[in-house]
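Beneath this line is the structure, given in structure tokens, with notes to follow.
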Amino acid sequence: MPRRRDHSPRILALTATTALWGLHAPTAALAQDNYVAEANQIHRPGAGQQDAAEPLLKALGSMDAPPASIPDAPTALLMRPGDDGWDEALAWATAPNQRAVLSTLREVTNPGDPHVFSLPYGLDNTPPALADTGLAIDLGEPPLLAGANFVYLDALDELFALVSIDAARLAEDNDGEAAYRLIQWIRLARMVADQPMSVEKSWAIHSMRLGVMRLLDVFALHPELMDEREIVRLVRELSEDEIRVERILPPSGDRTAMEELVAATYTERRGPNPATFGPVLARLMSGGQPLGLFGEASYFQQVARQQANWFDTTEKVEAIYNDWEARWSVPQYEYIWTQQMERRLIDPARYTLIEHFSPDLYPMIQDRLALRADLAGARMAISVIGYRRGKGVWPSDLAAIRPTFVDNIDTDPYDDGGDRNIKQFEILEYFVPIRDQKFGPREDPHPHRIRVYRAGGIFAGLESQPVAIDRDAVDGAIGVFMATLSSQSRNAFEGVFDQIAQGFIELGLTRANYGDKVRGDTDGKIKAMLVPAQTSALMQDVATRAGVPSELSDEDYQDVMLEELRVLFDNNDFTAGLGIVRRGERLSPEVAQAGLRAVLEAGAQSMITLVRKLQPSSFGPDHFDIELDDHNFVIFARGIDRRADWAREVGPGAADYLIWPPVLTLLRSELRGERPMAAWDND
């Protein structure tokens, strides 16, 4: 029986609590129609385009609930034919309502019949037939963009589970349509990325990444899924001209939502409006739950007196979103990334509205960068497979796949072009284990080993028993240290951070050279700087709690320093402060405090990494190792440290960013106790 989504209880709760807190303020104060209209005008179908939202959501509204064997999309990602629960999953995926959804997905993502996904904000702006599905975007009462309920994204997650199961079904029959099913998903997620709110864009970017990884996973499980000619066509479907990742715009709807929220809770040219500030923000924070509303309203009424005035608040909102837009498409080696992000400079006590309702967009910017690497790597990897299918051997290098499969070899999105006036960007790294590796005169050729870190990152939720690390003790120790330092002097933060930054400058440490510098630290100057008296007690405390021997070896200290520097150079709080000191400018207390906290956290993280190495049982198996011979190939990006290291360590937080073999495939094999990439043993 088709599922019916009924959200009326939520609407009733919002109505009741709105009346309870007297939100019947003057109409002019809460009339937000102009802001909602602005958000709804941002993305409309153009000439020759059709709207994909209405037909797709109507079909989704009639989908049957997934069986118990598929409680979520991650389970569907890992499931293969023959697994426990597969028969139920297959019956669900092939039932009429689900076939209708997949047919609609195919229609709205057909490049020959252009569609856009344009779902309006607010039930009053939604066609009745679409509102009846229960998947429209409800803004609550009073209707505010900041209160948008994106329930349709949950339905799309169920669609991804369906797509994944159907792709597995098709691939098992060696039907190349499996790959196109995932291309359709990637295209749909790309459409959703044009919606103007960050929640939608973030979901879309993440979903595109999962789609690309599942696509590679299908090829990893089925080496003969397509022949050379079919792969040529498929790779064209993944081109930048088709996917247009570079044209994903910043979430302008978030700016509009914040401007609307300021208008709803502030008196123009004055400060917080006593009649609306507490009740409106309480409603948004409580999610319409009456009991939670009391506590939230009391909190916001108390902090209203501490808030910045209307002028400062509106200027801060503008500065934050101008900053995000300026950074959106700027490579992270550019000057702007040495400056602290406006969103992270706010005083939470004075800008409570921004703190609670304006999300930090930096993770989404990073996710978009990773998506670029995923797509570029997928084009290269599938082309390499096509070359092998046509010629029976692996290409000697990536240049060999031109022009049959691609017009250009993709550059590494993580590469910064080097320390040159004229940037020279490197392509993605490719090699065949054993064939392309050098061995010593007395060393026998042997398989290449890759260590895969699996905790967190895009694969969070895929583990049957997720690895988790309790950081409360570490964070508490850092908090005590920061409080103690603050009590010693008014300028303690600035002084300590300036000393650390000057040490980096004097020792010539940069993102590009820190590895060589640490390995050549024969006089111990870098070690002395990275383990000063202020942090040695904290680091030893972390080690003691985890059972690490009190006497660490030189190699242990080197590992600690390398990890600490890796984390620091990827931390914008630290690099922004370092840039200010390098230019001879004055540090503000806020920047110095943030930079110093980054140093302490990097030190703690480096110790945790060492603990994982020395006492893995303290934290559980957060990684696994694989070995690959010349039956396979490797494609990877340089990752967060911008250096290529043969993909020796990959996964969340590791040095290199692995694209092939797919981490999803390797993770599934590890969880099942199977030999990784076994399908390629005889290829």
Exercise for the section: Would you check if there is a residue in the stretch 186-207 being farther than 25 Å from Pro120 by Cα, in contact with a His (Cβ under 9 Å, 6 or more places away or on another chain) and in a loop (DSSP other than H, G, I, E, B)? Expected result: no
Completion exercise
Expected output for the stretch 83-111 (first residue in contact (Cβ under 8 Å) with a residue 24 or more places away in the chain, partner assigned to a helix (DSSP H, G or I) and among the β-branched types (Val, Ile, Thr), Cβ below 6 Å, 6+ apart or cross-chain) is Ala89/Ile165; Ala93/Ile165
Problem - First in the stretch 546-569 and at pLDDT below 80 and assigned to a loop (DSSP other than H, G, I, E, B), second anywhere and β-branched (Val, Ile, Thr) and open to solvent by less than 60 Å² (accessible area, probe 1.4 Å), Cβ under 6 Å, 6 or more apart - result: Val548/Val611
Practice task
For Pro250, state whether it is within 16 Å of the chain's Cα centre (by Cα) and farther than 22 Å from Leu159 by Cα.
Solution key: yes
Handout entry: Condition broken by Pro274, with the remaining ones in (1) open to solvent by less than 60 Å² (accessible area, probe 1.4 Å); (2) at pLDDT below 95; (3) not in a helix (DSSP H, G or I) satisfied
Key = (1)
Handout entry: Count - residues of the stretch 241-266 that are open to solvent by less than 60 Å² (accessible area, probe 1.4 Å) and of a type outside the set (A, V, I, L, M, F, W, C)
Key = 10
Exercise for the section: Test Leu130 against the criterion of being more than 17 Å from Ile205 (Cα to Cα), in contact with a strand residue (DSSP E or B) (Cβ under 6 Å, 6 or more places away or on another chain) and aliphatic (A, V, I, L, M), and give yes or no. Expected result: no
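Residue by residue, here is whether (1) modelled with pLDDT under 95; (2) open to solvent by 10 Å² or more (accessible area, probe 1.4 Å) holds:
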{"position": "Arg169", "(1), (2)": "no, yes"}
{"position": "Ala179", "(1), (2)": "no, no"}
{"position": "Ala193", "(1), (2)": "no, no"}
{"position": "Val199", "(1), (2)": "no, yes"}
{"position": "Arg209", "(1), (2)": "no, yes"}
{"position": "Arg229", "(1), (2)": "no, yes"}
{"position": "Val235", "(1), (2)": "no, no"}
{"position": "Ser239", "(1), (2)": "yes, yes"}
Fill in the blank from the handout: Restricting attention to the stretch 592-611, the residues that are open to solvent by less than 10 Å² (accessible area, probe 1.4 Å) and under 14 Å from Met341 (Cα atoms) number exactly 2
Exercise for the section: Would you check if Asp645 is without any contact (Cβ under 8 Å) to a residue 12 or more places away in the chain, open to solvent by 10 Å² or more (accessible area, probe 1.4 Å) and under 15 Å from Val432 (Cα atoms)? Expected result: yes
Problem - Among the candidates Trp337, Trp310, Trp324, Trp394, residue that is within 23 Å of Met197 (Cα to Cα) and in contact with a Lys or Arg (Cβ under 8 Å, 6 or more places away or on another chain) - result: Trp324
Exercise for the section: Evaluate the stretch 90-98: report whether one residue or more is surrounded by fewer than 18 Cβ atoms within 10 Å (Cβ to Cβ), modelled with pLDDT under 95 and not in a helix (DSSP H, G or I). Expected result: no
Fill in the blank from the handout: Note on the stretch 484-517: residues surrounded by fewer than 20 Cβ atoms within 10 Å (Cβ to Cβ), part of a helix (DSSP H, G or I) and either of a type in the set (D, E, K, R) or at positive phi (or both) are Asp498, Glu506, Asp516, Lys517
Completion exercise
Counting only residues that are charged (D, E, K, R) and within 26 Å of Ala37 (Cα to Cα), the stretch 236-269 contains a total of 7
Fill in the blank from the handout: Those residues of the stretch 231-264 which are hydrophobic (A, V, I, L, M, F, W, C) and over 19 Å from Tyr121 (Cα atoms) amount to Ile231, Val232, Leu234, Val235, Leu238, Ile243, Val245, Ile248
Exercise for the section: Scan the stretch 104-130 residue by residue and report those that are in a helix (DSSP H, G or I) and open to solvent by 40 Å² or more (accessible area, probe 1.4 Å). Expected result: Arg106, Glu107, Leu123, Asp124, Asn125, Pro128, Ala129
Problem - Condition check for Asn174: under 21 Å from Asp51 (Cα atoms), open to solvent by 20 Å² or more (accessible area, probe 1.4 Å) and not aromatic (Phe, Trp, Tyr) - result: no
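The values are calculated or read from the model by the stated rules, or taken from the named source; none is laboratory data. Because the structure is predicted, anything quoted here is derived from the model rather than measured. Because the Cβ atoms are built from the backbone with ideal geometry, glycine has one as well, and the counts that use them run over all protein chains shown. For accessibility, only protein heavy atoms count, side chains too; no ligands or nucleic acids. Shrake-Rupley method; radii C 1.70, N 1.55, O 1.52, S 1.80 Å.
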